[in-house]
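Shown next, in structure tokens, is the structure this report addresses.
Derivation of every value follows stated rules applied to the coordinates shown; laboratory data play no part. Quick caveat: nothing in here was measured; it's all calculated off a predicted structure. When we count neighbours, we look across all protein chains shown, and the Cβ atoms used for this are built from the backbone with ideal geometry, even at glycine.
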Amino acid sequence: MKKMILFLSVFALVFTSCSSDNDDDAPIDPLVGTWKYYKFFENGVEQTVSDCESEETFVFNSDGTFEYSYFEEDTDGNCELEEFISSTWSNDGDGFYTQYIEGDVATQELIFEDNTFYFEDFYDNGTPDDTSDDITYKDVFIRQ
């Protein structure tokens with residue numbers, strides 16, 4: 001469930017074409033580059049990221065395209081590429097990014113700190129009177 005939320009959230013951040021302006025003096029978007037899954041938090045508590053999970057990678061290109069690689073351990077404990085996506089992204093301003101993947105659009109706020117970026121998601125159990133199993137996720141990626 002967490003990986004699906006992560007995947008949809010990141011997709012929401014990254015998809016839309018960049019402007020067609022070819023101004024060589026324009027600053028490079030801070031998202032452009034290669035990013036690996038670094039760490040995550042559940043309700044503010046850092047969780048362990050496996051070696052396989054840390055292979056998860058985004059490559060954001062300045063032309064508004066990106067590639068996403070998601071890895072998962074098989075039943076024998078081998079780390080294998082589970083999903084690969086190639087699509088588009090856009091910077092919507094004020095820290096919000098949009099991704100367009102196979103007809104889906106996802107927008108997410110990204111917070112950049114030093115050589116990392118992170119985003120947060122909230123999972124609501126759907127029971128207004130019981131928030132005991134509601135979870136806030138914070139996923140952190142580090143620049144390679």
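Model label points for residue 130 and residue 61, set 7 angstrom from Cα along the Cα-to-Cβ axis, are 4.9 nm apart. For segment 64-110, the relative contact order works out to 28 percent when only alpha carbon pairs closer than 8 Å and six or more residues apart are counted.
Under 5 Å from the amide H of residue 50 lies no amide H of any residue 5 or more positions distant or on a separate chain, with H modelled from the backbone and absent for Pro and chain starts. Residues whose amide H comes within less than 5 Å of that of residue 56, counting only those at least five positions distant or on another chain, are 37, 71 (H built at 1.01 Å from N in the peptide plane).
The phi-based Karplus calculation (6.51 cos²θ - 1.76 cosθ + 1.60; θ = phi - 60°) puts the 3J(HN,Hα) values of segment 68-81 at 10, 10, 10, 10, 8, 6, 7, 5, 8, x, 7, 7, 10, 5 Hz, whole numbers, x for Gly and Pro.
Once the C-beta distance of residue 143 and residue 123 is scaled by a Förster radius of 25 Å, the resulting FRET efficiency is 0.40 to the nearest 0.05. If the chain linking residue 42 and residue 25 were pulled fully straight, counting 0.36 nm for each residue of separation and taking away their Cα-Cα distance, it would gain 2.1 nm. Evaluating 6.51 cos²θ - 1.76 cosθ + 1.60 at θ = phi - 60° for every residue in segment 83-100, the Karplus couplings come out as 8, 9, 10, 10, 7, 10, 9, 8, 9, 8, x, 6, x, 9, 10, 10, 10, 10 Hz, glycine and proline recorded as x.
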